[in-house]
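Below is one structure, written out as structure tokens, with a few remarks after it.
The values are calculated or read from the model by the stated rules, or taken from the named source; none is laboratory data. All figures in this text were calculated on a predicted structure; none of them were measured in a lab. Because the Cβ atoms are built from the backbone with ideal geometry, glycine has one as well, and the counts that use them run over all protein chains shown. The accessibility values were calculated without ligands, DNA or RNA, using every heavy atom of the protein model including side chains. Shrake-Rupley method; radii C 1.70, N 1.55, O 1.52, S 1.80 Å.
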Amino acid sequence: MRKIIINGNKKLNGIVNISGSKNESLAVMCGALLSDDKVILRNVPNIKDVSIMKDLIDEIGYKVKSSDKIIINPPSNKKLEINEQASEIRNSILLLGPLTAKYGRVIIPLPGGCSIGNRPINFHIEGLKKLGAKIKIINGLIHSEAEKLVGAKIRLDFPSVGATCNLMMAASLAKGETKIFNSAKEPEVQNLAKFLNQMGAEIKGIGTDTLIIQGKKELSGTEYSIKPDRIETITYMILGSFPMNKINIRNTVKEDLSEVIETLKRMGVFINCKNNEIMVEGRTNQLKSTAIIAKPHPGFPTDALTLITPLLSYAKGISKITDKVFPERFSYIKELNKMGANTQQLEYNSVKIMGSHQLFGAKVSCHDLRGGMALVLAGLFAKGETIIEDVHYINRGYENYIEKLQSLGADIKQETY
Ligand code: UD1
């Protein structure tokens with residue numbers, strides 16, 4: 001088991017380079033399985049979730065090489081029974097669509113991932129059934145079979161990121177046209193669609209509510225570079241927003257961050273964007289409280305709502321956060337309260353935060369990736385020593401974060417216990 005020890009309340013200042021997107025990498029690695037040829041991926045972050053995905057793909061029979069880039073070669077022999085490691089990550093569910101479409105069968109354990117409330121996979125299953133797959137869940141294993149997937153009209157009850165990715169990948173090798181209504185528009189979904197199009201898929205409506213996919217007989221190999229991680233960018237933007245901090249975030253994109261930039265500016269944070277750099281400065285010690293509602297893209301991201309909570313604890317006045325994507329995603333709040341945050345659960349999906357509080361070091365534990373990073377942000381601002389246990393959740397999704405934070409002047413280390 002690993003824990004983080006932070007000696008907080010240091011002025012943080014410097015440059016941070018953003019890594020490739022975790023969620024995009026995981027989706028694109030699954031998309032690569034549709035190809036009949038070699039796929040080369042650049043800028044994939046070196047994190048636990050990616051190494052689990054590499055192992056899973058390797059186990060199927062694909063030949064995966066990784067150095068500064070990941071090379072995925074199609075298999076000569078295939079093993080279409082995915083092992084139990086798949087249940088360690090959420091995005092292993094994204095193997096279901098591509099493998100069913102390409103090989104006509106797969107058995108895969110139900111996915112795991114962060115405990116951020118109820119995470120069903122009914123949209124994935126129902127959508128694939130509409131495309132002609134026969135799917136049963138027996139003893140925690142998803143059994144999927146299809147002689148040939150055939151295009152269909154699918155309406156998602158909620159614009160699910162994962163379900164849109166899965167169905168888009170499957171539909172790319174289905175016979176005929178598929179329309180996905182109420183599809184997700186998150187940048188990672190858009191980038192997966194562009195990657196598939198680069199492999200010869202024909203996906204239209206990218207970035208809109210309706211994706212139209214003309215299925216192809218086969219897809220070719222390609223070379224693709226993963227875009228910068230927008231949630232990592234937001235993490236360092238929030239860190240830069242605490243008083244006296246000044247962080248120059250490099251190798252990122254500002255286009256997908258307008259809701260977050262506007263919110264931070266509204267609170268009184270100084271932000272300057274230039275080309276692929278964002279400079280964030282928490283000059284004032286009079287940040288203002290605010291109300292934030294997390295919604296599907298282009299709304300305020302649910303992951304960012306978790307990350308901004310320690311800053312709202314510091315901002316003067318009463319803030320309110322509401323999550324309309326994962327309504328029960330608040331298990332980190334009781335840990336923040338141990339550090340001196342003053343919060344009150346309102347409805348099931350919203351929390352009131354009474355601000356103007358200096359946080360204090362405490363012993364806390366992680367329950368999920370972004371909630372864990374919220375505790376790191378709180379610990380860096382808090383006076384005294386913070387010990388965060390169960391940090392394997394954070395290690396799954398942030399590349400070199402201890403080194404990046406140390407380079408900004410943070411007194412932070414990770415130890416085994
Ligand atoms: C992905 C991201 C996660 C992000 C989330 C929303 C990965 C690995 N994770 O998660 O970081 O917070 O998008 O931007 O890429 N739902 C159903 N049935 C389904 C699928 C989803 O009811 O079959 C519900 C979920 O419970 C949730 C909502 O839809 O309330 C959104 O989930 P979804 O967009 O699918 O999130 P993930 O793809 O799991």
Does segment 104-111 include one or more residues that are more than 20 Å from residue 22 (Cα to Cα) and open to solvent by 80 Å² or more (accessible area, probe 1.4 Å)? yes
Given the criterion more than 22 Å from residue 35 (Cα to Cα) and buried (at least 20 other Cβ atoms within 10 Å of the Cβ), identify the matching residue among 178, 233. 233
Qualifying positions in segment 51-71 - in a strand (DSSP E or B), open to solvent by 40 Å² or more (accessible area, probe 1.4 Å) and touching a strand residue (DSSP E or B) at 6+ places or on another chain (Cβ under 7 Å): 63, 65, 69
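Taking the residues in segment 42-54 that are more than 16 Å from the ligand (Cβ to nearest atom) and within 13 Å of residue 224 (Cα to Cα) as candidates, determine which candidate is nearest to the chain's Cα centre (by Cα). Give the steps one after another, and end with the answer.
Taking segment 42-54 first, the residues more than 16 Å from the ligand (Cβ to nearest atom) are 42-43, 46.
Now narrow it down to the ones that are within 13 Å of residue 224 (Cα to Cα): 42-43.
Values: 42: 18, 43: 16 Å.
Selected residue: 43.
Hey, can you tell me all the residues within segment 8-33 that are closer than 11 Å to residue 222 by Cβ and aliphatic (A, V, I, L, M)?
28, 32
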If you take the residues in segment 298-340 that are away from the ligand (no atom under 16 Å from the Cβ), open to solvent by 10 Å² or more (accessible area, probe 1.4 Å) and touching a Ser or Thr at 6+ places or on another chain (Cβ under 7 Å), which one is farthest from residue 258 (Cα to Cα)? 337
State yes or no: is residue 74 open to solvent by 10 Å² or more (accessible area, probe 1.4 Å), over 21 Å from residue 397 (Cβ atoms) and either at pLDDT 90 or above or in contact with a Lys or Arg (Cβ under 9 Å, 6 or more places away or on another chain) (or both)? yes
Return the only residue of 393, 398, 348 being under 15 Å from the mean Cα position of the chain (by Cα) and part of a loop (DSSP other than H, G, I, E, B). 398
Which one is most open to solvent (accessible area, probe 1.4 Å), of the residues in segment 284-297 that are touching a residue at least 40 places away in the same chain (Cβ under 8 Å) and away from the ligand (no atom under 16 Å from the Cβ)? 285
Give me the residue from segment 181-192 that is among the aliphatic types (A, V, I, L, M) and buried (at least 24 other Cβ atoms within 10 Å of the Cβ) and, out of that set, farthest from residue 216 (Cα to Cα). 189
Would you be able to tell me the number of residues in segment 1-29 that are touching a residue at least 60 places away in the same chain (Cβ under 8 Å) and under 15 Å from the mean Cα position of the chain (by Cα)? 11
Complete set of residues in segment 20-40 that are surrounded by fewer than 24 Cβ atoms within 10 Å (Cβ to Cβ) and closer than 18 Å to residue 67 by Cβ: 20, 38, 40
